[in-house]
Amino acid sequence: MTRPSPDRSRHTPSRWERAFASARTPFEKFVHDEASSGLLLMGCAIVAMILANSGLSDLYSSILHTELSFQVGGYRLSHTVHHWVNDGLMALFFLVVGLEIKREILVGQLAELRRALLPIAAAIGGVVLPALIYFVLNSSESANGWAIPMATDIAFAVGALVLLGSRAPKALVGFLLALAIVDDLLAVLVIAFFYTSQILWSALAVAAVCFVLLLICNLVGLRSPLPYALLGAALWLAMLESGVHATLAGVLTALTVPASSLYSPRRFQDQVRKLLKIFERDSLPGDHIMKNDQQQAALKGIENAVQLMEAPLQRLEHSLHIWVSFLVIPIFALTNAGIKVDLPRLASTLSHPVTLGVMAGLVVGKSAGVFGASFLLIRGFGIPLPQGVRLSHLAGVSLLAGIGFTMSIFIGELAFASQPEFLLNAKIAVVVASLVAGISGWLWLYLLGGKTKGD
């Protein structure tokens, strides 16, 4: 009995082929990571809510209020776990935000003025109108929370959009990312100018010196991450002592990271070709790479060429993004989304001016502000829509922009640091509004279109 010959047409890809096939563009990797992070973030928020409303609530609260101290010589730094997460770990989040902002301005959707006008205008509209709505609904006692409904959560919003698959044009993802990044930039400026406590000028002067040293590192062409990490840590510590919110040190450090390559694409190609020829020339049948000094040298040369070709900003963003998306933000959700819901008082909580202001700002203000500003620019000034995108698509994305989880809760912590009742109302409002905005935006886009050709 003869065995059937193997079907050569049905080729099973090797581990090497799968590795090369899995290579994605930076944009594709960013979108994929944000979508996955959004699901993890949702899970952590749910876990935090369960912990805060179960028999483990006292243990959960005691962990958050546990003091952690570090001492070097006579200098001692002591804060609660909650404080370390919000002022320490979140500095890494703001570092990645700063890197994303810089990249987007240099080479992304915001690099060309005509392409950038639409997401910039949409972001401004989505910041101003929610703040105004909040102001109208709140008295001076709770007016400090005006910035809570102005932020869009990139991970949740992009995750919801990616789940639509081909029902939403690919260009819509780029528009939403650009809008959210401008949104983050505006939120950073608001935190810097409006949520700063009493300033200690001597510490702020030290922070300024650290920032100048970071700029000098950039100007002299230092590409190693070590000096930026050390000076960035010193900048963070100085800002923590100054009264200006310490997380802004992450954004300032990101702005100084070099964004250029040492090689031109042509020079890189020529260099790698030469090294590959050396690798091929010195290859022996059955020879082990560790026995071949010439091949090892060629491989090291290729590795160095790749390092020099890749901009430090790009390399740092790629290496940090995974940690921020899958560790820092989930920990933030676990420590900040633990909202204790008092069911008998839920009706009065939902009707409180802070709750109404945040919910109306995120659900109504965000969608109306984003879509209204976009419509004005498109109809009034002839700014073109992204390829394959219709006004009805923008309406759906405008709803998704009302998902404001991470940055909204973070701003709420700053706005109502000494007003726990208002902070609780704000957090409940953020969760409810984000659910309403996310579900309504997703359903709108899902029902809007079937499969879009070419997407």
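Just so it is clear, none of the values below were taken in a lab; they were calculated from the coordinates. This is a predicted model, so every value here is computed, not measured. All Cβ positions, even for glycine, are placed from backbone atoms using ideal geometry, and neighbour counts span all protein chains on display.
Remarks
- Look at the dipole of the chain built from charges on Cβ: of G55, A160, A205, the Cα furthest out on the positive end belongs to A160.
- Along the chain, longest interval not containing exposed trypsin sites (Lys or Arg not before Pro), exposed being DSSP loop plus at most 16 other Cβ atoms within 10 Å: 25-339
- The chain, relative contact order [Cα under 8 Å, separation at least 6], %: 28
- FRET efficiency estimate (nearest 0.05) - Cβ-Cβ, V136 to H79, R0 45 angstrom: 0.80
- Each label point was placed 7 Å from the Cα along the Cα-to-Cβ direction; for V107 and L204 their separation is 3.6 nm.
- Dividing the helix sum by the residues of the chain, where each DSSP H run of 4 or more adds -39500 (n - 2.57), gives a mean residue ellipticity at 222 nm of -21500 deg cm²/dmol.
- Rounded to whole Hz, the Karplus (6.51, -1.76, 1.60) HN-Hα couplings of the stretch 297-303, x for glycine and proline: 5, 5, 4, 5, x, 5, 4
- Projected label distance in nm at A229 and S348, using a 7 Å step from Cα toward the beta-carbon: 5.2
- The Cβ shell under 15 Å around K366 holds other residues with a net charge of -3, Lys and Arg each +1, Asp and Glu each -1.
- When each of the peptides 156-162, 411-417, 397-403, 356-362 is scored by how many other beta carbons lie within 10 Å of its residues on average, the order from highest to lowest is 397-403, 356-362, 156-162, 411-417.
- Basic side chains Lys and Arg get +1 at the Cβ, acidic Asp and Glu get -1 at the Cβ, and with that the dipole of the chain about its Cα centre reaches some 1680 debye.
- Sites V306 and Q387, calculated FRET efficiency, Cβ-Cβ separation with R0 25 Å, nearest 0.05: 0.20
- Shown is the FRET efficiency for L443 and R281, computed with R0 = 51 Å from the Cβ-Cβ distance and rounded to the nearest 0.05: 0.25.
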